[in-house]
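The values are calculated or read from the model by the stated rules, or taken from the named source; none is laboratory data. Remember, it's a predicted structure, so these values are computed and weren't measured experimentally. Every residue, glycine as well, gets a Cβ built from its backbone with ideal geometry; the counts of neighbours run over all protein chains shown. Heads up: the accessible areas ignore ligands, DNA and RNA and are worked out on the full protein's heavy atoms, side chains in. Shrake-Rupley method; radii C 1.70, N 1.55, O 1.52, S 1.80 Å.
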Amino acid sequence: MTGPALDIVEFMLTARVYSDNRELDPGDLPPPYRRAFWSADAEPDESTGRPAPGGIERPLSVTATTITEATGYGHPWDAISGLMFTEKKDFSGAIEFTDLGMAEKWYRERTTAERLLSNPTLALYFEEDFEGVDYETALARNRPIHADRVWIDSLLEQMFDEEDEEMLDLVEVRAPEEVEMTLDDLVLTADQEGEILKIVKAIEHRDYLASIGLREIGKLLFVGPPGTGKTTSARALAHDLDLPFVEVKLSMITSQYLGETAKNVDKAFEVAKRLAPCIFFMDEFDFVAKTRSSDEHAAIKRAVNTLLKSIDEISLIQDEVLLIGATNHPDQLDAAAWRRFDEIVNFPKPDHQMRADILRVITRQMEIVDFDPEALAEETEGLTGSDLRLVLREAVLDALTEERTTLTQGDLEDAVAGFEERDNLKNMDMMNGDPDALIAGNGHDSHSHDHDHAHAHDRPADGT
Ligand SMILES: Nc1ncnc2c1ncn2[C@@H]1O[C@H](COP(=O)(O)OP(=O)(O)OP(=O)(O)O)[C@@H](O)[C@H]1O
Ligand SMILES: [Mg+2]
């Protein structure tokens, strides 16, 4: 039996067991329970090993509000008021067991091993009573507390005050639950899958690697053209490994707060270490090389040097931080930047087979009449995963203009043709190219300035 009553009784029982057993810490509670009991002004719980303002204080008091927060059921009292062992206190709103023994028995008769394995607190409590239930397994399956949004927020709040606003421009932290894509949504090459598997194994066997003195592991550089899935893969990895995702936007280093930049880079790494285990993602990594070779502002150079030094000092094995850089200009990276990564992962434009697979993945939830991904793959040579998504979006929007939500292969083919047109436009030199393109009706897409012809501005436009 499942349903509201069982979920709610489980929640209440967990709160009760947790309150009574001081050896349990917040990491032993399922994430939605932690969120329900999290209090921003609680004394930090030392048992999590990391200071964070706020936390979870005993005793956990169950009310309709916490039940709804943790289980998602509105009017929870209605679901359990018929049980003989529950009561609701009129004054405080507390919802409690009148008879713990009865509640326990009721729950034990209805729960399953699978359920208990997703609740370390109860797994420990009922370990003896259930075949295949043990605390260690449940704990390993439970998402660690440092990956919770509430925990991340309170840590950031503690580390940065209002004056540090520029810091928040530079770093963005996502909880794994906030990442929408998973590795399953991505079509990867065998090589990419191999690299990802290696990293997963390295994280799993961290202690072993440390014991044999292998520390130079856990710095990846994703290299490939725009739209080939570099950012998405890094985030999906965070999602699938349940790790917080710390993203540093390197281009922000050139923002207006130059004096503070080096300090901010330091702080970004500190955030990562405090959130560890986590993924630290640096997009636009070529920015680093660019600033070293050009005559940039001294403050920027200082920041970039700090960055390189911090990269050297951080380690997956010691600090539990997996570092991922991404670039679509590998040619611009100098030896100093290049040498800091131990694995280079290539993100090529997808080949025929991958294009067909990407089309299958991105249309998974859709109904398409006469869908033939192989034929479309044939027509889309040179397009990236991101391009294919755009194609699909156009097809969907075009169909909607005809009030249709069922697509056909023809819609997709039209969208591919439309995409090619757009692509031609993008690659056209607006100054020297076909003057017809500048006449309204033929093309008025301001995106055409995207690609930079360095001298285009210096020349007077032909034909004007
Ligand atoms: N191999 C792929 N399989 C499935 N989807 C893909 C693939 N490659 C790209 N996409 C889709 O294209 C979109 C853009 O990808 P993403 O932003 O990760 O590219 P990127 O390599 O980081 O590009 P950039 O270099 O511009 O930052 C995502 O929504 C992603 O889902
Ligand atoms: Mg990207």
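Brief remarks on what is shown
- Structure note, pairs K201/K230; K301/K426; K198/K426; K198/K263; K230/K426; K105/K201: Cα-Cα distances above 31 angstrom occur for K301/K426; K198/K426; K198/K263; K105/K201.
- A cut-off of 5 Å between modelled amide H atoms, ignoring neighbours fewer than 5 places along the same chain, links T408 with V369.
- Highest average first, the peptides 101-107, 65-71 ordered by how many other beta carbon atoms sit within 10 Å of their residues are 65-71, 101-107.
- Sequentially through the range 124-139, phi angles give Karplus couplings (6.51, -1.76, 1.60; θ = phi - 60°) of 5, 5, 9, 3, 5, 7, 10, 5, x, 10, 9, 4, 4, 4, 4, 5 Hz, Gly and Pro residues having no value and appearing as x.
- Couplings 3J(HN,Hα) of the range 210-217, computed from phi: 5, 5, 9, x, 8, 10, 7, 9 Hz, in residue order, whole Hz [Karplus 6.51 cos²θ - 1.76 cosθ + 1.60, θ = phi - 60°; x for Gly and Pro].
- The H on the amide N of T86, modeled in the peptide plane, is under 5 Å from the matching H of T98, each at least 5 residues off or on a different chain.
- Ranking of D90, D240, D357, D20 by solvent-accessible surface, largest first: D90, D20, D240, D357 (1.4 Å probe, protein heavy atoms only, all chains present).
- Taking all protein chains together and a 1.4 Å probe, the residues W38, W151 rank W38, W151 from largest to smallest accessible area.
- Within the full protein context, the accessible area of M366 is estimated at about 60 Å² for a probe radius of 1.4 Å.
- For the range 354-363, backbone phi angles converted through the Karplus equation (6.51, -1.76, 1.60; θ = phi - 60°) give residue-by-residue couplings of 5, 4, 4, 5, 4, 4, 5, 5, 6, 9 Hz, Gly and Pro being listed as x.
- R108 contributes an accessible area of around 90 Å² to the protein surface, as traced by a 1.4 Å probe with all chains present.
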